[in-house]
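The values are calculated or read from the model by the stated rules, or taken from the named source; none is laboratory data. Everything numeric here is computed off the predicted structure, so don't read it as measured data. Note that each Cβ is placed from the backbone with ideal geometry, even for glycine, and that neighbours are counted across all protein chains shown.
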Amino acid sequence: MEPTTKDGAVKDSASSAELFDSLRLELRRGCLVLAVLAQLRKEHYGYTLRKSLAEAGLEIEESTLYPLLRRLEQQGLLTSEWREEEKRNKRFYRLSAAGQQIFGLLLAEWNRINDSLDRIVQKEG
Amino acid sequence: MELLKRYLQAVEEHLPVRGREDTLAELRANLESEMECREEELGRSLTETEQAAVLERHGMPVLVASRYGSQHFLIGPTLFPMYWYTLKRSFPLMVLAYAAVQMAGILLGSGSGADLGHRIGESVGRFPAVALTFWGIVTLGFAVFEYGQGRFFPKLTLPKWSVRDLPPLDHDQNKRHSFASGAADLMVSALIVVWLLAVPSHPYLILGPGVKILHGMPFELTPEWHVVYWQIIGLLVAMLPLKAAMLLPSLRRARGWLQLAVKALGIMILVIMVQVRMFFVANSAISAGSLRSLDGINSGITLAFKIALAISVVIFAWELWKEIAAGQHRRTDYVAVL
């Protein structure tokens, strides 16, 4: 069944897809931080981090991921270090002590939300 | 790798100065790694088209650089509702102030009535620039506040509020006070004062072209008008702050009483008019018949004001009783809730 507006008019599929994209983006935003923090329990530099997330099924655009790493570092959740690897200087990131603590709290919150959603969806189903 | 250098140069142009070199070095390392990885997969060097595809997928330089900025908005989500509220509330007041100043300038300034339309047109034409400036100043003020909070002064915290401080339920939906109608009422009242102030020096404002006929008439306004005129102006001016106070959300509870106060001032104007026994007097020798007619006109006007006063007093008394009853009803509701 097509989604309808309040006055009963049927929305076209283009605006429906647009709405889905916008809601999906909103949903993903918080999850990305959690995924990045989780992945950086092990040291990575930008490109390998993106690759490892993609291999785990979570594609992130470079232009989203790299600034996010900077922001998380400024917030004290990550530490970084420039180091030479394969004859090239690269910036390696990993979770800081504060980051580990916040990651633990966020993960617990995520699990709570996930469990609640599961219960709600099953109940409604 | 020339394409990569050009791409990084374009990104660099838009990056924040602080940390620019560091960001570029990291970006270069990541992009080179990606290209090398792709070359390993293909077992050969990337063509220029393939290099371009990698860079284009990474994003437009200006957008990529903008994501490294610390703040992407002038007014953040916490402050924005207050910014919007301020704009909505202050805009009608700005329009009112502009209209009053412009009307005063037009009516009290020198010039004939012939170019009145032209001057009004000029004032209206200047309004978009004034409105835009007003919007710019308010926006800039909030943007500076947004930038400064947390840096130069503590972050804004929302004031404590209680649901009990909210205005009582409006039982009469049809009489719900609208801010726009209140602002329009205030604006019109201010214009009336300006208009009345301008009438003595510009009589055409009250009679139009008929003012020329008036010069040949055998009667004129009595000297009493000189006193009455200023009393009426004083009462009309006294209404303005009351009407302005009615627009304030914090005085919503007192709106009924403020309205009554405005009506009381209106009744006082009628009282003054009723006390004027003679509105017009003969300014030259006129016949007995014309004198009787003039007397009849004066009596008729006084009677009309008396009727208007009687009706207004009855309406005022009824509304006063309703307001007192509503106040008691509100107090009872409050006690019941407690």
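Please verify whether residue A:106 is within 30 Å of residue B:24 (Cβ to Cβ), of a type outside the set (Phe, Trp, Tyr), surrounded by 12 or more Cβ atoms within 10 Å (Cβ to Cβ) and away from chain B (no Cβ under 14 Å), treating the condition exactly as stated.
no
Restricting attention to segment B:44-76 and to residues that are free of Cβ contacts under 8 Å to residues at least 24 places away in the same chain and polar (S, T, N, Q), the residue that is surrounded by the fewest Cβ atoms within 10 Å (Cβ to Cβ) turns out to be B:49.
You will find that of B:287, B:299, the residue that is out of contact with any His (no Cβ under 8 Å at 6 or more places or on another chain), of a type in the set (Ser, Thr, Tyr) and surrounded by 13 or more Cβ atoms within 10 Å (Cβ to Cβ) is B:299 and no other. Applying the condition of being basic (Lys, Arg) and not in a loop (DSSP other than H, G, I, E, B) to segment B:4-28 and asking which residue is nearest to residue A:83 (Cα to Cα) yields B:28. Elements of the type helices (runs of 4 or more DSSP H) sitting completely within segment A:24-125 and holding at least 2 residues that are more than 20 Å from residue B:57 (Cα to Cα) and without any contact (Cβ under 8 Å) to a residue 24 or more places away in the chain: these cover A:62-74, A:97-124. Among the residues of segment B:28-43, those identified as free of Cβ contacts under 8 Å to residues at least 24 places away in the same chain and either at the interface with chain A (Cβ under 10 Å from one of its Cβ atoms) or of a type in the set (Val, Ile, Thr) (or both) are B:29, B:30, B:33, B:34, B:36, B:37.
May I ask you to verify whether residue B:31 is in a helix (DSSP H, G or I), within 18 Å of residue B:63 (Cα to Cα), hydrophobic (A, V, I, L, M, F, W, C) and under 51 Å from the mean Cα position of the chain (by Cα)? Taking the combined requirement at face value, the residue does not satisfy it. Residues in segment B:279-308 that are among the basic types (Lys, Arg) and without any contact (Cβ under 8 Å) to a residue 12 or more places away in the chain: 1 in all. Scanning segment A:21-41 for residues that are of a type outside the set (Gly, Ala, Ser), more than 14 Å from chain B (Cβ to nearest Cβ) and either under 19 Å from residue B:54 (Cβ atoms) or surrounded by fewer than 11 Cβ atoms within 10 Å (Cβ to Cβ) (or both) yields a total of 5.
Scan segment B:47-88 for residues that are in contact with a helix residue (DSSP H, G or I) (Cβ under 7 Å, 6 or more places away or on another chain), more than 14 Å from chain A (Cβ to nearest Cβ) and among the hydrophobic types (A, V, I, L, M, F, W, C) and the total you get is 5.
Look at residue A:87 and say whether it is charged (D, E, K, R), at positive phi and either modelled with pLDDT under 90 or within 16 Å of the chain's Cα centre (by Cα) (or both). Against the criterion (charged (D, E, K, R), at positive phi and either modelled with pLDDT under 90 or within 16 Å of the chain's Cα centre (by Cα) (or both)), residue A:87 qualifies. Would it be correct to say that residue A:52 is within 14 Å of chain B (Cβ to nearest Cβ), under 21 Å from residue A:91 (Cα atoms) and at pLDDT below 90? Answer is no for this residue.
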